[in-house]
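Values in this text are rule-based calculations from the coordinates and carry no lab data. Predicted, not measured: the structure shown is a model, and the values here were computed from it. Note that we place each Cβ from the backbone using ideal geometry, even for glycine, and neighbour counts take in every protein chain shown.
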Amino acid sequence: MKFDKKQSVNPSHVMMGAFIVFAMAILMKPLFIPLTSIAFGLFLAALYKYAQVQTPEEKENRAIEEKIQHQLNFCQSEFDKVADEMDDINENVRDIDDKLRVNIEIHETSRKESLRLRNEFAKELELRKSKLNFYKVMIEKLKTLLYNHKLTQDLAAKKAKLEALQEDHFEDIAKMESIKTEFELDKQVLTTLEDLSNRMSSTRSADSVEELSLELVQITKELRRI
């Protein structure tokens, strides 16, 4: 019985891969340039992985996750070991039963020893059944713990993202209000200018022209102050 194990990428493994590719490049001279390029890319990827800065909280969460994963791997290994031992015990029990069922007179000493061994194997089998059930429950609990730990981190990241979006939303609203205010002001200015243009178009006296020109100068000054 197998339980899935999620493996994380280790930067040291990436660097080892880069070294292997580089060694291949030296041995395979015709492919030296492309293989060297691949090795260099892997090396840079490893350096980037190492260079990533984590906050103390992120490091702690990572440590917890690795600890859970380590325990999960251990329990899975023990589960597999116990399961293999149970298979071996069952095989020995079947073999003893087969040898006791033969139509041949078996010495009493051998029969008693066979039955004793069978009973001892049965005890070991029951012990391992308990162990197997224990590790099965442990694996399920650890998988649940790991999943919920990752889910908590994921929700925290999404919460931070949402808060950032909400902050941006409020900033956008403020910008939109500012634009709306400017737009309303532009409409008022446009209305005033249209009124001046219409009045200028219909005027017939020099005094009116002078008056409208002064109004336009005044409006221009006010626009410069805005």
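Considering only Cα-Cα distances, which of the following residue pairs are longer than 25 Å: K67/K141; K59/K81; K59/K141; K81/K112?
K59/K81; K81/K112
Evaluate the Debye formula for the stretch 64-167 with equal point scatterers sitting on the alpha carbons, no solvent, and hand back log10 of I(q)/I(0) at q = 0.11, 0.15, 0.17 Å⁻¹, in q order, two decimals.
Values returned for q = 0.11, 0.15, 0.17 Å⁻¹ are -0.57, -0.76, -0.84.
What does the charge add up to near V102, with Lys and Arg as +1, Asp and Glu as -1, over the other residues with Cβ less than 14 Å from its Cβ?
Values: positive: R94, K99, R101, R111; negative: D95, D97, D98, E105.
That works out to 0.
If you add up the charges near K161, with Lys and Arg at +1 and Asp and Glu at -1, over every other residue whose beta carbon is less than 13 angstrom from its beta carbon, what do you get? If you can, show how the numbers build up before the last one.
Details: positive: K158, K159; negative: D154, E163, E167, D168.
So the surrounding residues net to -2.
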